[in-house]
Amino acid sequence: PVRGGAFAAVALLTVLALVGLRGNAAAASSQRAASTQHWAAAESEARTAVAWAPWSADARIALGLALRGEGRGAAAHDAFAAAVARDPASWQAWLDLARTSSGRERAHAIAMARRLDPREPQVVAFR
């Protein structure tokens, strides 16, 4: 019985690692596509990342960047807000949320990014 339980635990951990790996690979692929302005491919890969790693703020940041590149500001805003909800300690998620926000929400997002990483060049340069 102990061996069976140990095997099941190892199998579960292996599956979880593979799921996380697939999600991370898709997020990285999305970022590469976005860097060359291939927005449809970036969105597709980001949606794959979200599906495989629903807990990942990075997957939602990748999705938001792709959607913003496609000119879909409201959808990008929603993706960045979801990224912040998953990782409130991510200065990148807050800064991207600020880029798609206005008014008090924008001011709050900028303040959070500055609080989290006041020396980050992107945060310092953001107005």
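The values are calculated or read from the model by the stated rules, or taken from the named source; none is laboratory data. Note that the coordinates shown come from a computational prediction; the quantities given were computed from them, not determined experimentally. Ideal geometry is used to build each Cβ from the backbone, glycine not excepted, and the neighbour counts take in all protein chains shown. Quick note on the areas: whole protein, heavy atoms, side chains included, nothing else; ligands and nucleic acids left out. Shrake-Rupley method; radii C 1.70, N 1.55, O 1.52, S 1.80 Å.
The table below gives the values:
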{"item": "Candidates A89, A74, filtered to the one that is assigned to a loop (DSSP other than H, G, I, E, B) and either out of contact with any Ser or Thr (no Cβ under 8 Å at 6 or more places or on another chain) or farther than 20 Å from S35 by Cβ (or both)", "result": "A89"}
{"item": "Residues located in the stretch 37-49, provided they are in a helix (DSSP H, G or I) and either in contact with a strand residue (DSSP E or B) (Cβ under 6 Å, 6 or more places away or on another chain) or open to solvent by 30 Å² or more (accessible area, probe 1.4 Å) (or both)", "result": "W39, A40, A41, S44, E45, R47, T48"}
{"item": "Qualifying residue in the stretch 73-85 (condition: of a type in the set (D, E) and open to solvent by 60 Å² or more (accessible area, probe 1.4 Å))", "result": "yes"}
